[in-house]
Structure formats: C-alpha cells, structure tokens
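S.K.: Pasting a structure here, questions to come.
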Amino acid sequence: MYGLMMDYPLLTPSLLRFAAQHHGDTEIVSRTVEGPVHRYTYRDAYARTQKLANALLRLGVSQGDRVATLAWNGYRHVELYYAVGGVGGVCHTINPRLFHEQIEYIVNHAADRFIFVDLSFVKLLESLQTRLTSVQGYVIMTDQTHMPQTALPNAICYEALIADEAQLFDWPQLDENTAAALCYTSGTTGNPKGTLYSHRAIVLHAFGLCAADSAMALSSHEIVLPAVSMFHVHAWGIPYAAAMCGAKLVLPGPNLDGQNLYELIESERVTVTAGVPTVWLGLLAHVGKTGKKFNYLRCINIGGAAAPLSMIKTLEEQYNVMVVHAWGMTEITPVGTTGRLLPKIAELPREQRYQFKMKQGRAVYGVDLKIVDDAGTALPHDGASVGHLLVRGPWVASAYYEDAEASAAAFDEDGWFRTGDVASIDADGHVQLVDRSKDLIKSGGEWISSIDLENTVMTHPRVTEAAAIAVPHEKWGERPLLVVVTREPAAVSAEEIRSFLKPRVAGWSIPDEIVFVEELPHTATGKVNKRALREIYAKRSSLTKA
Ligand code: AMP
C-alpha cells in the first residue's frame with residue numbers, strides 16, 4: 001500500500017525560491033574578480049537567476065545539456081548553480097587548478113556545450129579552446145565595462161546576456177532524480193572521474209548540513225563563508241544549504257590567503273566557515289603574526305584532509321573557535337561524517353576530548369558506513385579493527401559518469417561505494433581514518449599510518465606542516481620518509497624530530513629520513529600532493545639503518 005502523500009520532487013531551484021520568499025532581505029556578499037565587494041539579497045539573487053534561466057533557454061540549452069563553469073566563489077556562480085540545474089541542464093563545475101590536459105579531457109568527456117568563465121580564466125580557455133570539441137559558446141562572467149578583448153569564439157558578456165530577460169521563470173517540474181550538477185575528481189591516478197549529482201541528492205545533502213547535530217548546523221542565525229571552492233563539490237554544498245535555511249552567504253572570490261580571509265570574516269561578521277587544513281594554516285599564520293583575534297567566528301569545519309591536533313588546539317584554546325572535523329568525498333556530495341561531540345564526550349576532560357576531535361566524526365543521517373577486510377568481509381565497529389571504508393546513501397554516487405571501468409572498480413556487488421580510505425569505526429560510530437589505502441606505509445609487515453605520523457610531528461611547536469610517504473627499502477619493504485616545513489628555516493633538526501617522535505609513536509614508525517622543505521606541493525583541491533612527493537623522493541631507496 002502506498003502512502004497518500006504528494007509526490008513533490010526535491011528540486012534545487014526550490015531552495016533559492018524559498019530563501020527569496022522567507023529570507024528575502026538576507027545578503028549574499030561576494031569579493032569579485034573585478035575588485036569591489038558586491039552585495040545583494042536572496043530576493044535579488046532569485047530574480048537574476050530567473051533571468052539567467054530564460055537566457056539559457058534562449059541560448060538553446062536543453063534538458064541534459066552540460067553547461068560548464070570556470071569560476072571562483074561569487075554571486076554569478078551561485079546564479080549558475082540554480083539556473084542551469086533548474087532548466088534541466090547540468091552545471092559542470094571545472095577546477096581551474098587542474099593541469100590543462102585534464103581540463104581539456106573533462107570538458108570533452110562531459111561534452112560541455114557552453115562554458116561560463118570568470119575573467120581570471122579567460123586566457124587559460126583561450127589557450128585550450130581549439131581542442132574543446134563540444135563547446136559552442138563562452139559567456140564571460142562580468143559586465144560590459146570589464147568585458148575583455150578575447151579570442152574565444154562566440155564570447156558573450158554575462159550581464160548583457162541576462163539584461164533584457166524577464167524576472168519570472170516557470171521552472172519545469174523535473175523528476176527529482178534528474179542530474180543537476182557534475183564534478184570531476186582531481187584524479188591523482190588515471191583520468192578524472194565524473195560524479196553526476198541529482199537534484200534529490202543535493203537537496204537531501206543540504207538538509208544534512210542544516211541539521212543541528214551535523215557538520216555546519218547552518219541556520220538563519222549564521223553567517224557562513226565557504227573557504228572551499230565552488231568548483232570543488234559545490235563548496236561542500238554550502239551555497240545550497242545556506243539558501244535552505246536563510247544563512248547569510250559570504251563568498252571570498254579568488255583570494256583565500258590569511259589576510260584576505262581574516263578581513264572578510266571580520267568585516268562581514270562571519271560565524272561559520274569551512275575548508276581544508278592548508279587554508280587554516282594560512283589564516284592562523286596571519287592572526288599569529290598580527291596578534292588579531294576573531295570577534296564573531298565561532299566554528300570552523302575542517303575536512304578534505306586530516307585536521308592536525310595542533311591546529312584544533314590552537315583554534316579552540318587560543319582563539320575560542322570550535323573545530324568540527326568532517327570527512328567527505330566528491331562522490332558523497334561531499335559530507336559523510338562530522339565531528340560534533342556526543343554529550344558524553346563533551347563532558348570528558350579536555351585532552352580526552354581532543355582524541356575524539358581528531359577523529360573524522362560520525363555519520364550524518366542518511367550515510368551508511370562499514371569497514372571490510374581484503375576479502376570484503378565486514379569487520380566489527382569496535383574502534384580497533386581497521387579495514388576498507390565503504391559507504392552508501394541517498395547522496396552517494398552510484399556510478400561514475402560515462403566511465404564503466406572506473407565504476408566497476410569502485411562499487412561492490414551490493415552497490416556500496418569503495419572510498420579507498422582505510423579506517424576504524426567505534427561502537428558509537430566514530431570514524432578514525434588511518435589513511436588513503438595507497439598512502440599507507442608497510443614496513444617489515446607493520447602498517448604505518450601516514451596521517452598518524454604527520455599529526456604527531458605537527459604537534460611539535462616549530463613544525464607547521466608535514467607529510468609522510470613510503471620509500472622502498474631493501475630489508476623492510478618500505479620505510480617512512482618525512483617531509484617537514486618548519487616555522488623558520490633550520491628551526492629544528494632531524495635528530496630533534498626523531499627524539500620528539502620516540503615516546504609518541506611506535507618504534508618502527510620513526511622515519512630514518514627527514515627532509516626539510518620551504519613548502520609542500522598541494523593538489524588542485526588544496527591537499528598535500530603525495531604523488532608529487534613520491535615522484536621526488538620515493539625512487540631513492542632508503543638504505544639507512546632501521
Ligand atoms: P575529494 O574527493 O577530492 O574531496 O577527496 C576525498 C578524500 O579526501 C577522502 O577519500 C579522504 O582520503 C580525504 N579526506 C577527506 N576528509 C578527510 C579528513 N577529515 N581526514 C582525512 N582525510 C580526509
């Protein structure tokens with residue numbers, strides 16, 4: 001027997017319409033590529049999004065068409081999110097930090113018909129455009145005054161495109177499982193793989209971000225700044241969730257350096273933000289150097305890579321900013337687990353609480369997790385057993401876009417997604433990520449968690465960032481090599497680091513080789529690029545005593 005409830009589809013434009021109707025005066029503030037700070041309201045954003053939707057139909061965008069963006073976090077990008085998906089198209093957000101060959105690959109693989117591009121990336125596209133076989137036209141996301149001379153064929157100015165369109169648009173009642181957005185993983189191995197998000201998945205995920213116990217607990221009382229790019233998994237879904245609950249949205253544009261972020265956080269009275277650890281290293285360096293404090297910021301969501309204990313402690317103890325450590329993936333829209341403390345853990349003494357804060361949190365409702373051994377047998381959630389982390393749920397991908405081979409490898413016969421992460425899960429559901437399976441180091445039959453080693457060395461007061469990779473070893477198979485960035489040059493010696501690690505990690509984890517560098521390479525999404533480090537260091541066999 002079916003329930004007698006309306007079959008009312010969950011479609012993304014309904015989020016912005018709701019914000020316009022119920023939080024019409026709340027602002028979206030953007031630092032623009034052109035220079036000035038732009039501010040308007042959800043009411044304005046919805047009106048312009050409807051104009052854009054009309055313009056897209058005039059351009060000939062039809063259902064299922066891919067329309068790409070190459071843009072920073074800004075208000076026009078928000079309009080594109082809603083308008084492209086809303087007319088039945090697919091908003092394909094391209095990460096401009098990818099190698100040019102990868103951008104070429106994903107535009108052609110997605111068969112994008114149009115590309116909307118920020119001024120910053122016009123040159124990049126000009127150099128690629130003869131190889132982008134499916135693209136019929138380019139829209140430059142600026143006004144007439146800033147419109148550049150460009151070699152891009154059929155280039156149109158965004159503001160001119162929407163200027164004469166009607167402010168009303170009759171959104172089609174799509175099936176909620178219709179694709180709304182597409183994002184490719186940054187692809188550390190092989191070609192990038194596309195995750196094709198449905199309207200339903202995006203809306204349900206937004207509910208998750210607004211739930212009081214989950215990642216961001218967004219509400220109309222919060223002012224949220226995504227310090228994670230809108231070209232990487234929808235800035236973790238924040239532009240959708242902020243509209244769902246009417247949170248003021250602050251979009252930082254191109255500059256995520258410490259000073260720019262700090263100024264925006266203070267001037268717009270930001271209360272919640274989210275991003276990868278590297279961004280917070282920059283922010284902490286800025287406030288450390290200038291002696292500034294945060295007057296409004298209460299919560300930083302850290303994800304994308306493990307949040308080091310030193311960072312969690314500094315933010316909470318010196319700056320009174322709560323850290324919520326979260327785990328997710330492009331394929332999970334992206335939030336899977338979040339680290340808001342259970343009441344019984346919040347009552348624990350501080351040092352014990354930190355042990356939980358360092359974990360990646362607990363599943364958000366809707367996300368099912370399990371760990372399995374190499375044979376695929378489920379392992380107990382006892383906090384000790386370590387296995388491959390598998391996930392399923394309404395906002396988890398069921399396949400990669402047009403990539404049967406990658407899909408076959410990533411999903412098991414019961415439809416669970418193999419995350420490629422290795423983790424333990426305790427009886428309360430706390431997930432502790434041990435490593436990416438390919439980053440684990442196996443030394444003399446013992447596993448070494450690179451995350452664990454990095455976290456521990458980063459608690460050294462003179463170390464700012466560190467990465468551990470495996471290097472081949474004749475006797476032990478592999479040994480860890482530690483690459484370290486210090487506060488000042490030569491601030492600490494390899495011997496001091498080894499002595500520091502000795503009481504803190506298992507003997508076999510202590511690296512024989514420690515290399516000091518000025519900065520670590522980062523990927524297109526701001527994580528430490530271990531592949532690049534392996535290319536530099538892993539070939540040298542570590543023959544020192546172990
Ligand atoms: P991406 O799809 O580029 O967002 O990368 C997802 C991967 O980032 C995950 O599979 C993890 O390996 C890693 N990751 C995400 N969040 C965390 C976290 N809190 N701690 C450690 N690794 C993380």
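The values are calculated or read from the model by the stated rules, or taken from the named source; none is laboratory data. This one's a predicted model, so the numbers in the text were calculated from it and none came from an experiment. Every residue, glycine as well, gets a Cβ built from its backbone with ideal geometry; the counts of neighbours run over all protein chains shown. All accessible areas refer to the heavy atoms of the entire protein, side chains included, with ligands and DNA or RNA removed. Shrake-Rupley method; radii C 1.70, N 1.55, O 1.52, S 1.80 Å.
S.K.: Amide H of residue 230 versus every other amide H placed in the peptide plane: which residues, excluding those fewer than 5 positions away on the same chain, fall under 5 Å?
M.R.: Under 5 Å from the amide H of residue 230: 73, 235.
S.K.: Rounded to the nearest 20 Debye, what is the dipole magnitude of the chain about its Cα centre when Lys and Arg each give +1 and Asp and Glu each give -1 at the C-beta? Provide the component values of the computation, followed by the final result.
M.R.: Numbers: 49 positive and 59 negative charges, 203 e Å.
So the dipole magnitude of the chain works out to roughly 980 debye.
S.K.: Turning to a different aspect of this structure: Working from Cα positions, state the angle (0 to 90°, nearest 10) between the long axis of helix 199-210 and the longest principal axis of the chain.
M.R.: The answer is roughly 60 degrees.
S.K.: Something else about it: Jot down the radius of gyration and Dmax of region 271-333, Cα atoms only, both in angstrom.
M.R.: Cα-based Rg and Dmax for region 271-333 come out at 11.8, 39 Å.
S.K.: Once the whole set of protein chains is in place, how much accessible area is left on residue 515, using a 1.4 Å probe, in Å² to the nearest 10?
M.R.: Per-residue accessible area (residue 515): approximately 30 Å².
S.K.: Here is a follow-up. Given the options 303, 242, 279, identify the residue whose Cα lies farthest towards the positive end of the charge dipole of the chain (+1 on Cβ of Lys, Arg; -1 on Cβ of Asp, Glu).
M.R.: Going by the Cα projections, it comes out as 279.
S.K.: Rounded, prolate or oblate: which fits region 242-389 when a ≥ b ≥ c are the square roots of the eigenvalues of the alpha-carbon gyration tensor, with rounded for a/c under 1.5 and prolate only if a/b beats b/c? Let's see the in-between values first.
M.R.: On the way: a/c = 2.11, a/b = 1.65, b/c = 1.27.
Verdict is prolate for region 242-389.
S.K.: From the mean inverse distance of alpha carbon pairs (Kirkwood) and the Cα radius of gyration, derive Rg over Rh for region 1-57.
M.R.: 1.18
S.K.: Still on this structure, please answer the following. Report the net charge of residues surrounding residue 380, where surrounding means a beta-carbon distance below 13 angstrom and charges are Lys +1, Arg +1, Asp -1, Glu -1. Intermediate results must be reported in sequence, preceding the final value.
M.R.: Details: positive: 370; negative: 373, 382, 426.
Computed value for this residue: -2.
S.K.: Let me spell out the model: positive unit charges on the Cβ of Lys and Arg, negative unit charges on the Cβ of Asp and Glu, origin at the Cα centre of region 48-164. What dipole size does that give, in debye rounded to 20? Present the calculation step by step, with values, prior to reporting the outcome.
M.R.: Working: 9 positive and 10 negative charges, 24 e Å.
The calculated dipole for region 48-164 is roughly 120 debye.
S.K.: Length gain on complete extension for the stretch residue 355 to residue 498, per 0.36 nm per residue less the alpha carbon to alpha carbon distance?
M.R.: On the way: separation 143, 0.36 × 143 = 51.48 nm, distance 2.25 nm.
Value of the extension gain: 49.2 nm.
S.K.: Roughly speaking, what is the stretch gain from residue 375 to residue 442, that is 0.36 nm per residue apart minus the C-alpha to C-alpha distance, in nm to one decimal? All intermediate terms of the calculation are to be shown ahead of the outcome.
M.R.: Values: separation 67, 0.36 × 67 = 24.12 nm, distance 1.89 nm.
In short, 22.2 nm is gained.
S.K.: May I pose another question? Measuring with a 1.4 Å probe in the full set of protein chains, what accessible area per residue, in whole Å², belongs to region 439-542?
M.R.: Numbers: 4870 Å² over 104 residues.
Ligands and nucleic acids excluded, the figure is 47 Å² per residue.
S.K.: On to the next question. How much accessible area does residue 75 have with a 1.4 Å probe, in Å² rounded to the nearest 10?
M.R.: 20 Å²
S.K.: Next question, about the same structure. In the chain, what percent of the accessible surface is made up of carbon and sulfur (1.4 Å probe, ligands and nucleic acids excluded)? Working shown, then result.
M.R.: Numbers: 11640 of 22600 Å².
Heavy-atom surface of the chain belonging to carbon and sulfur, 1.4 Å probe: 52 percent.
S.K.: Using the Cα atoms as the points, what is the convex hull volume per residue of region 136-196 in Å³? Intermediate values should be presented prior to the final figure.
M.R.: Values: hull volume 9.9 nm³, N = 61.
Once divided by residue count, the hull of region 136-196 is 162 Å³.
S.K.: Let me ask something else about it. Pairing the Cα long axis of helix 258-267 with the longest principal axis of the chain, what angle in degrees results, from 0 to 90 and rounded to the nearest 10?
M.R.: 50 degrees
S.K.: So how long is each side of region 439-542 along the principal axes, counting just the alpha-carbon atoms, biggest first, in Å?
M.R.: 35, 34, 21
S.K.: Kindly write out, for region 356-367 in residue order, the coupling ³J(HN,Hα) from the Karplus curve 6.51 cos²θ - 1.76 cosθ + 1.60 (θ = phi - 60°), rounded to whole Hz, with x marking Gly and Pro.
M.R.: With coefficients 6.51, -1.76 and 1.60, one gets 7, 5, 6, 6, 8, x, 10, 4, 6, 3, x, 9 Hz.
S.K.: How high is the relative contact order of the chain, in percent, with contacts defined as C-alpha pairs under 8 Å that are six or more residues apart?
M.R.: On the way: 1189 pairs, mean separation 56.9, N = 546.
About 10 percent, as a whole number.
S.K.: Angle check, please: helix 42-59 long axis (alpha carbons) against the longest principal axis of the chain (alpha carbons), in degrees 0 to 90, nearest 10.
M.R.: Helix 42-59 and the main axis of the chain meet at about 70 degrees.
S.K.: For region 439-542, build the charge dipole from Cβ charges (+1 Lys, Arg; -1 Asp, Glu) around the Cα centre, then report which of 444, 459, 470 sits farthest towards its positive end.
M.R.: 444
S.K.: Tell me which GluC sites (Glu not before Pro) from region 394-492 have a DSSP coil assignment and no more than 13 other beta carbons within 10 Å of their own.
M.R.: Those satisfying the criteria are 402, 413, 474.
S.K.: Would you kindly state how much longer the chain becomes between residue 25 and residue 405 on full extension, computed as 0.36 nm times their sequence separation minus their alpha carbon distance, in nm to one decimal?
M.R.: Details: separation 380, 0.36 × 380 = 136.80 nm, distance 4.81 nm.
Stretched out fully, the residue 25 to residue 405 stretch lengthens by 132.0 nm.
S.K.: Plugging the Kirkwood radius over Cα pairs into Stokes-Einstein for the chain, at a temperature of 10 °C and a viscosity of 1.306 mPa s, what D comes out in µm²/s? List each step's numbers first, then the result.
M.R.: Working: Rh = 24.3 Å.
In µm²/s, the coefficient is 65.
S.K.: With the other protein chains left in place, how much accessible area per residue, in square angstrom, belongs to region 78-140 at a 1.4 angstrom probe?
M.R.: Numbers: 1810 Å² over 63 residues.
Roughly 29 Å² per residue, with all protein chains present.
S.K.: Now for a different question. Of all DSSP beta bridges in region 13-424, what percent run antiparallel (nearest 5)?
M.R.: Values: 26 of 60 bridges.
Roughly 45 percent of the DSSP beta bridges within region 13-424 come out antiparallel.
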